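Report on the following structure.
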Amino acid sequence: MSFWGIVGLVLGAAIILIMLFAFFHILFMLLPAIIVIAVIIWLINHFTKNDDYEHTPSSSSGNWTNWQNSSVKPKRKKARDVKTKDVDK
């Protein structure tokens, strides 16, 4: 490898290291803002979420057939214009 090849490799490595340093420097400068934004989003989600999941039956309770008598209704609409056919045995 010639002298200019080695100089080119060193300059290429230096440019890559400078770019990595700049990226991480910007990332660490923005880290407090990222944390504050994440906390704000979490607080909004925490205080505005729908708490229906506490009243829905879990798979371990075996209560899935009692939707008609439950105060919590499933959020799916009934199917319209659907025809079913028996499976041939």
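Counting only protein chain heavy atoms and rolling a 1.4 Å probe, the accessible areas of 87, 36 rank, largest first, as 87, 36. Rounded to the nearest 0.05, the FRET efficiency derived from the C-beta distance between residue 15 and residue 44 at R0 = 30 Å is 0.10.
Given 0.36 nm per residue, what is the gain on full extension from residue 4 to residue 35 after removing their alpha carbon distance, in nm?
My answer for the length gained is 6.6 nm.
The values are calculated or read from the model by the stated rules, or taken from the named source; none is laboratory data. Owing to the predicted nature of the structure, the values given are computational and were not obtained by experimental measurement. Because the Cβ atoms are built from the backbone with ideal geometry, glycine has one as well, and the counts that use them run over all protein chains shown. These area figures cover heavy atoms from the full protein model, side chains too; ligands, DNA and RNA do not enter into them. Shrake-Rupley method; radii C 1.70, N 1.55, O 1.52, S 1.80 Å.
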